[in-house]
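In what follows, a structure is listed as structure tokens, so that the remarks can point back to it.
The values are calculated or read from the model by the stated rules, or taken from the named source; none is laboratory data. A quick note: this is a predicted structure, and the numbers were derived from the prediction, not measured. Counting neighbours? That spans all protein chains shown, and the Cβs are built from the backbone with ideal geometry, glycine included. Accessible surface areas use protein heavy atoms only, side chains included; no ligands, DNA or RNA. Shrake-Rupley method; radii C 1.70, N 1.55, O 1.52, S 1.80 Å.
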Amino acid sequence: MRLPARERLAWGRELGRRFRDEVRLAETEQVRVDAWQLDELVSELSGAQGRQWRELTRGVLHGLNFGRLEFGDGPRIGFVWASLHALRIASLAVDAELRAFWRALDAASFALVGEEYTPFTGNPDVRAREYASTQRLLASSRGEIRRRLAARYVVGMTPGWHLARGLGGNVANLPRAEVNRWRAKYVDERARQGVAGFAAYHFRFENSSEQVMKDTLAGLARGLDTKA
């Protein structure tokens with residue numbers, strides 16, 4: 001963060017290119033790679049050193065998108081995961097630096113996944129409207145790019161059984177049937193509000209059982225059916 005902006009951008013671009021190197025190497029070994037995913041746009045983007053973090057991240061997005069021309073890489077978009085706090089920058093007045101950031105994010109992202117890691121407590125409809133505020137902020141912005149990102153917004157959720165800071169989930173220790181009902185209502189409400197899709201994060205530890213995976217994917221899939 002102490003580097004001049006030009007060097008910070010260059011290091012970010014190199015990091016993104018190294019991610020693309022991994023994709024290229026996997027494909028030379030006949031591994032099918034449908035898309036890359038970037039985890040994540042961090043909360044620091046809207047913090048005290050937000051400009052520096054956005055410059056670094058803009059470089060990463062550029063490197064991921066364009067890779068290395070000398071190896072035949074070209075534009076390749078992917079899924080960008082973002083903390084909701086990071087996306088609060090949509091409320092900031094757009095200057096040259098922010099305009100460059102939004103353009104880089106727009107150019108690189110097939111979908112923008114908002115990390116709606118809500119605790120499974122309270123009224124799920126109310127929770128859904130609360131956690132939709134970030135997407136609404138993007139959609140209500142004056143800028144065409146931010147509105148376009150709102151239209152590509154995907155709801156990111158966790159299965160809910162592994163409890164860790166920031167992941168929400170089944171903090172009230174509900175039985176399986178209640179967890180599934182709560183998730184279903186949340187998904188239905190978010191689908192009703194209009195989203196591009198649903199995504200699941202963190203199939204590890206307690207979230208990694210076959211039953212939890214099936215429950216989670218079935219719950220998110222109903223949102224795609226509702227949207228259709």
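Output the residues belonging to the stretch 48-92 that are open to solvent by 70 Å² or more (accessible area, probe 1.4 Å) and under 15 Å from the mean Cα position of the chain (by Cα). Within the stretch 48-92, Ile77, His85, Arg88 qualify. Pairs meeting the criteria (first residue in the stretch 130-143 and without any contact (Cβ under 8 Å) to a residue 60 or more places away in the chain, second residue part of a loop (DSSP other than H, G, I, E, B) and of a type in the set (D, E, K, R), beta carbons under 9 Å, at least 6 apart or on different chains) are Tyr131/Glu116; Thr134/Glu116.
Scanning the stretch 172-185 finds no residues that are under 21 Å from Glu44 (Cβ atoms) and either surrounded by fewer than 23 Cβ atoms within 10 Å (Cβ to Cβ) or in contact (Cβ under 8 Å) with a residue 60 or more places away in the chain (or both).
To keep it simple, each residue is scored yes or no on (1) of a type in the set (Val, Ile, Thr); (2) modelled with pLDDT under 95; (3) over 22 Å from His85 (Cα atoms).
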| residue | (1), (2), (3) |
| --- | --- |
| Ile145 | yes, no, no |
| Val154 | yes, no, no |
| Thr158 | yes, no, no |
| Val171 | yes, no, no |
| Gly197 | no, no, no |
| Ala200 | no, no, no |
| Glu206 | no, no, yes |
| Gln211 | no, no, yes |
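With the condition kept exactly as written, say whether any residue in the stretch 93-104 is closer than 20 Å to Gly223 by Cβ and either hydrophobic (A, V, I, L, M, F, W, C) or surrounded by 15 or more Cβ atoms within 10 Å (Cβ to Cβ) (or both). For the stretch 93-104, residues closer than 20 Å to Gly223 by Cβ and either hydrophobic (A, V, I, L, M, F, W, C) or surrounded by 15 or more Cβ atoms within 10 Å (Cβ to Cβ) (or both): absent.
Can we say Ala90 is under 21 Å from Ala10 (Cβ atoms), part of a helix (DSSP H, G or I) and either of a type in the set (Val, Ile, Thr) or touching a residue at least 24 places away in the same chain (Cβ under 8 Å) (or both)? For Ala90, the condition - under 21 Å from Ala10 (Cβ atoms), part of a helix (DSSP H, G or I) and either of a type in the set (Val, Ile, Thr) or touching a residue at least 24 places away in the same chain (Cβ under 8 Å) (or both) - is not met.
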